[in-house]
Amino acid sequence: MPDKENLRAEIPEYAYISLARRGMEKISLDQCFLKNCDNNDIKLLEPFKKEEYEDENKQIKEIYIRCKKCEGIFILKLETLKNVGKSTKDDDGDPISMGMVYSLDENKNNLGHIGYY
Ligand SMILES: [Zn+2]
């Protein structure tokens with residue numbers, strides 16, 4: 001049985017959107033990303049399923065979330081780039097951790113790139 005509180009902990013609290021010259025804007029991921037829904041109440045969002053897989057370059061996590069306001073389901077897709085092309089002379093630097101967040105609808109249609117996390 002998936003533990004729902006653990007699922008919630010897998011979702012980053014914020015994503016960052018880069019604004020060309022004005023730095024980064026922080027947006028909360030505790031909101032419904034479906035069209036025509038303005039729910040941003042975490043109590044009305046219920047993560048209920050997670051899928052995890054990876055390919056050569058990326059680690060991908062998909063968190064399915066049910067919105068209790070519009071009764072819709074959407075998916076937060078978290079892509080983390082693996083630390084592949086790292087140069088050897090930079091060995092003691094921090095591992096590169098760059099993730100991207102997308103929102104998908106229930107049928108995995110891409111609703112858009114949300115930001116970085
Ligand atoms: Zn909603």
Quick one: of K26/K58; K35/K69; K61/K108; K49/K69, which pairs are farther than 20 Å apart, Cα to Cα?
K26/K58
Calculate one ³J(HN,Hα) per residue across segment 26-43 by plugging θ = phi - 60° into the Karplus curve 6.51 cos²θ - 1.76 cosθ + 1.60, and present them in order as whole Hz with x for glycine and proline.
9, 10, 6, 8, 7, 8, 8, 9, 6, 4, 6, 10, 10, 5, 10, 9, 4, 5
With +1 assigned to the C-beta of every Lys and Arg and -1 to the C-beta of every Asp and Glu, and no other charges, what is the dipole magnitude of segment 4-116 about the Cα centre in debye, to the nearest 20?
360 debye
So if I average 1/r over every pair of distinct C-alpha atoms in segment 4-116 and take the inverse, what Kirkwood radius in Å does that give?
15.2 Å
Non-local amide H neighbours of N39 (under 5 Å, H modeled in plane, Pro and chain starts lacking H): which ones?
C32
Here the relative contact order (percent) of segment 4-116, from C-alpha pairs under 8 Å and at least 6 apart, is 20 percent
Among Q31, G99, I11 the positive-end extreme of the charge dipole of segment 4-116 (Cβ point charges)
Q31
Which log10 I(q)/I(0) values does segment 1-59 give at q = 0.24, 0.27, 0.31 Å⁻¹ under the Debye formula, counting every alpha carbon as one identical point scatterer?
-1.08, -1.12, -1.20
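No value in this document is a laboratory result; all are computed from the given coordinates. Only a predicted model underlies this, so the values are computations on that prediction, with no experimental measurement involved. Reconstructed Cβ throughout: ideal geometry from the backbone, glycine too, with neighbour counts over all protein chains shown.
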